[in-house]
Amino acid sequence: MLKEFKKFIERGNVIDLAVGVIIGGAFTNIVNSLVTNLINPLIGLFIGKIDLSNLVLKVSGATFRYGEFINTVINFLIIAFIVFLLVKAVNKVTKHDEQQQQPAGPSTEDYLKQIRDLLKEKSN
């Protein structure tokens, strides 16, 4: 069991995942600060309130804190957009690297065309 655990930990994906989780946690704090200290006051200028987290709706004794929900949605959208940009940048770099590494030989498409042509010749 210890050998299996050691083999599992030594895999690169586990370490990459751990680093990603740690950086993601720190990044979440930055985004929370951005939303709370910069974006919410900007939105508050337009709706007349500076702190969105204080927006509540009270119905029959129930309190709905929709301001906190708005903060959470803004946080999610910012994080999702930045992750999208990061993935897009990484894909662009890896795609560029793959194109440089490919040999100049015939592609799979060329082979398929040759097979198609041979099959046509055989059927005629």
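The values are calculated or read from the model by the stated rules, or taken from the named source; none is laboratory data. For clarity, every value in this text was computed on a predicted model and none was experimentally measured. For neighbour counting, all protein chains shown are included, and Cβ atoms are generated from backbone atoms with ideal geometry for every residue, glycine included.
If the requirement is being at pLDDT 80 or above and acidic (Asp, Glu), which of these qualifies: Glu98, Glu68?
Glu68 is the lone residue from the list that is at pLDDT 80 or above and acidic (Asp, Glu).
Across segment 103-124, what is the number of residues that are within 44 Å of the chain's Cα centre (by Cα) and part of a loop (DSSP other than H, G, I, E, B)?
The total comes to 5.
Counting only residues that are over 17 Å from Asn32 (Cβ atoms) and part of a helix (DSSP H, G or I), which one in segment 42-59 is modelled with the lowest pLDDT?
If we take residues in segment 42-59 being over 17 Å from Asn32 (Cβ atoms) and part of a helix (DSSP H, G or I), then Ile47 is modelled with the lowest pLDDT.
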